[in-house]
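We did not get these values from a lab; they are worked out from the coordinates using the rules stated. Predicted, not measured: the structure shown is a model, and the values here were computed from it. Glycine gets a Cβ as well: all are built from the backbone with ideal geometry, and neighbour counts include every protein chain shown.
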Amino acid sequence: MRTLRFLLEKEFRQIFRDPAILRLIFIMPAIQLLVLPLAADYEVKNISISVVDQDRSSYSRQLVEKISASSYFELVNYTSSYTQALEDVEDDKADVVLQIPSSFERELVREGKGELFMALNAINGVKANLGGVYLRSIINDFNQDIRLTWVQPPRQNLQPQIQVTSLNWFNPLLNYQYFMVPGILVILVTLVGSFLSALNIVKEKEIGTIEQINVTPIRKYQFILGKLIPFWILGLVVLTIGMILARLFYGIIPEGSLFTIYIFAAVYLLSVLGLGLLISTYTETQQQAMLISFFIIMIFILLGGLYTSIDSMPEWARISTKFNPVAYFIEVMRMVVLKGSTLYDIRFHLLTVAGFGIFLNSWAVLSYKKRN
Amino acid sequence: MKQFLYFIRKEFYHLLRDRRTLFILFGMPITQILIFGFALTNEVKNSAIAILDNSKDEATAAIIHQLEASQYFDLLLNINSNAELESTFQQGKIRMAVVFPEQFQRSLLHNNLAQVQLIADATDPNVANTLTTYATSIIMDYQQSLSNGIPIPLMVNTEMRMLYNPQMKGSYNFVPGVMAMVLMLVGAMMTSISIVREKELGTMEVILVSPIVPMRIIIAKMIPYLILSMVNIASILLLSVYALDVPIRGSLVLLVAECFLFTLTALALGLLISSVSGSQQVAMLISLMGLFLPTIMFSGFMFPVENMPIPLQVLSNLVPAKWFYYIVKDVMIKGTGLKTVWMETLILAGMLVVLLTVSIRKFKVRLE
């Protein structure tokens, strides 16, 4: 017990002695948490549109007015040349081109049918798809307006009509930051925990100080615990800072209890630190340790559902997330913070992550050799 | 000159000796392309939904069947009460619930009006929005099928065309992004680490007292990573053309030249990082947290830059990856030439010059 205390004292001294590392541990995550969620707004809005109006009739002007009044679209060019509008797309000035052909109004009134033509920059498929849907619904609205001016609406519903109402639970204002902030917090805690623990032992190897520890009677588990505990505490401190910032700057107050979050984070950090330790026992230099942990964490993060929904992934990728601690923590954070899930709701997540922790740490302890 | 060649050789030995690092450096772009290409999509599909059917008649059965048949929805869970609804959401089992009121079909047939309620889990606003839109359009299709045959006057038809990417493949969007990410990482992180390591291990001193010009030491350090980056570009391009079917529509020479320019910028950034950091750990943390995340966030391939608040949009202009991303998208996918990307190219070149000047000024010939 006393040995462990001395080891801990040594580790903490080492951490606090290097102000550059300390600054990075605390300030970088804080800055990232403040800036990145502002950037991570995935909602499709501000679609720039270039309208080619070859009709120049009152209807075409009415339609253009309707489009520019919508909050989704921004009219960047109003022209009569299709080639010019396509050039706008080529130069990234416009995302959508709407062409109103020259006899649009006449055909609509005389033949009861009008044609419009829409071209979308589909490099970003989702944006193109949603842009198309929005523009269509504006055109439908416009269509409805025109129909009403020509045809008297019947007094009673002649056709069966289904009214669809929709509710958005847990985040009624559809605030994207509520979604991103808990996720980014998870990433920061993961990065700090895994990198620092992976680098730490390797640094002793690279500089050669590990020899000195190996010749002392310190036992394997004491050494590993001495490395684990400081970063476990640091991870929880980073989480706390993050929670405070999320509250101050984004007004995010967890629906569920803080106790649930901390219990899960404490268990989660054990498995992340275990991963870091495991990497450090298998590598020789800090560069290797860094790259390998970066490689693994990157895969965990990309497949963890931070940016894209896990449901949409193909079967094999969905199965892989069952072995991905980051995916569990991201989901739990969002559940507890936004939906107010309780410890009981997340019990399976908690047990699984605890299982990862036990597995990784025992592997790390077993594979750490005092002799080369 | 001969000395210089020896130095380059030394750096190559360093790089080639470390098999694990080399494996990761070559494996990284390949894994990323494969993950992005086959696992990540912004589409929303296979979402689990629950049905609270208080009516249980033919009409609701028909709608449920159509929801089930669509690729967007999955695993229809039947619930019986509102209380159960909330707890199912809290356990994270479903993304949306469809609630039919009592006597749905009766009111639809007799009053020509019936109501459906969609409750979405808006934790992810994007998914919630998309699911509501999809479900609404499926229900509207059903409604349309009830009133088939009645002509609608004054119909406006809209024809849609998807430019550049008619199949709407996600890979068209992210291949340029992955290129920016990998080049940034290999260039900036690896050079900065390799310089700082010599400082940390004390071998820098030995090099600095040798008669070689400091500038050449730095260039010798950069060359292996420059070559490594070029190999990575080749593997990314080959994979995206042959495994993901992403075309290279513009000139290959221009594309490679732009990659070269961007790699140089990344190397210069790495040099700058190495001169401000004293230990490998600091260099790594700066390049990771300071470069990697901003590269993902601000280059525009994950999150649209035009949605960000104005100060961030201004800030994003400082991220070299953003310009590179534009260039690759234009040259590779739109197939345009230097005519459209000359400005971006000039900006990147300008950044390169500034970074190089600053970092060479800051490079210390003497150790304290």
query: Across 10 Å bins from 0, what is the distribution of all Cα-Cα pair distances for region A:260-372, in whole percents?
result: 14, 39, 34, 12, 2, 0
Whole-Å distance, taken between Cα centres, linking region B:283-341 and region B:211-275: 17
- prompt: Rounded to two decimals, what ratio of Rg to Rh does region B:164-240 give with C-alpha atoms and a Kirkwood Rh?
  reply: 1.20
task: Please name whichever of A:A69, A:I21, A:S48 sits farthest to the positive end of the charge dipole of region A:10-71, dipole taken about the Cα centre and charges placed at Cβ: Lys and Arg +1, Asp and Glu -1.
output: A:I21
- prompt: For A:K220, which lysines qualify as cross-link partners when the Cα separation must be under 28 Å and same-chain residues fewer than eight apart are set aside?
  reply: A:K10, A:K203, A:K205, A:K369, A:K370
- line: chain B, Gaussian network, Cα under 10 Å: of B:A234, B:A97, B:A220, the residue fluctuating most is B:A97
- prompt: Where q = 0.23, 0.25, 0.26 Å⁻¹, what log10 of I(q)/I(0) comes from the Debye formula for region B:30-84, counting one point per Cα?
  reply: -0.91, -1.00, -1.04
message: Using alpha carbons only, how many angstrom separate the centre of region A:317-363 from the centre of region A:71-95?
response: 47
query: Which length gain, in nm to one decimal place, applies between A:S367 and A:Y78 when the Cα-Cα distance is subtracted from 0.36 nm times their residue separation?
result: 97.2 nm
task: At 4 °C and 1.567 mPa s, grab the translational diffusion coefficient of region A:64-141 from Stokes-Einstein with a Kirkwood Rh over Cα pairs, rounded to a whole number in µm² per second.
output: 96
field: Quotient of C-alpha Rg and 2.2 N^0.38 Å, computed over the protein assembly as shown
entry: 1.07
statement: Mean shadow area (nm²) of the C-alpha convex hull around region B:1-131 is 13.1
task: Mind jotting down the distance between the C-alpha centroids of region B:76-130 and region A:179-197, whole Å?
output: 34
message: Give me P(r) over region B:256-368, computed from all C-alpha to C-alpha distances, binned every 10 Å, as integer percentages.
response: 13, 39, 34, 11, 2, 0
- prompt: If the viscosity is 1.567 mPa s and the temperature 4 °C, what translational diffusion coefficient in µm²/s does Stokes-Einstein give for region B:306-360 when Rh comes from Kirkwood over Cα pairs?
  reply: 105
task: Indicate, rounded to the nearest 5 percent, the antiparallel portion of the DSSP beta bridges found entirely in chain B.
output: 25
- request: Kindly state, as a whole number, the per residue volume in cubic angstrom of the convex hull around the alpha carbon atoms of region B:107-219.
  value: 190
message: Compute a Gaussian network model of chain B, connecting alpha carbons closer than 10 Å, and tell me which residue from B:N157, B:N165, B:N111 fluctuates the most.
response: B:N157
Dimensionless Rg ratio for region A:155-314, taking C-alpha atoms and the 2.2 N^0.38 Å reference: 1.48
- request: Have a look at the DSSP beta bridges in the protein assembly as shown and tell me what percent are antiparallel, nearest 5.
  value: 15
statement: Output row, site B:V231, 7 Å Cα→C-beta label point, backbone N cut-off 16 Å, window region B:21-41, residues B:21-31
- request: Diagonalise the Cα gyration tensor of region A:24-175 and give the resulting equivalent ellipsoid semi-axes, square root of 5 times each eigenvalue, largest first, whole Å.
  value: 36, 25, 11
task: Report, in deg cm²/dmol and to the nearest 500, the calculated mean residue ellipticity at 222 nm for chain A, where each DSSP H run with n ≥ 4 adds -39500 (n - 2.57) and the sum is divided by the residue count.
output: -21500 deg cm²/dmol
- request: With springs connecting C-alpha atoms under 10 Å apart, model chain A as a Gaussian network and identify which of A:Y307, A:Y250, A:Y59 has the largest mean-square fluctuation.
  value: A:Y59
- request: Can you tell me the FRET efficiency between B:Q313 and B:K2 if r is taken as the Cβ-Cβ distance and R0 is 45 Å, rounded to the nearest 0.05?
  value: 0.35
Counting DSSP beta bridges with both ends in chain A, the antiparallel % (nearest 5): 25
Pairs of Cα atoms farther than 38 Å apart, chain A, %: 41
statement: Of the candidates A:L116, A:Q84, B:Q280, the farthest towards the positive dipole end of the protein assembly as shown (Lys/Arg Cβ +1, Asp/Glu Cβ -1, centred on the Cα centre) is B:Q280
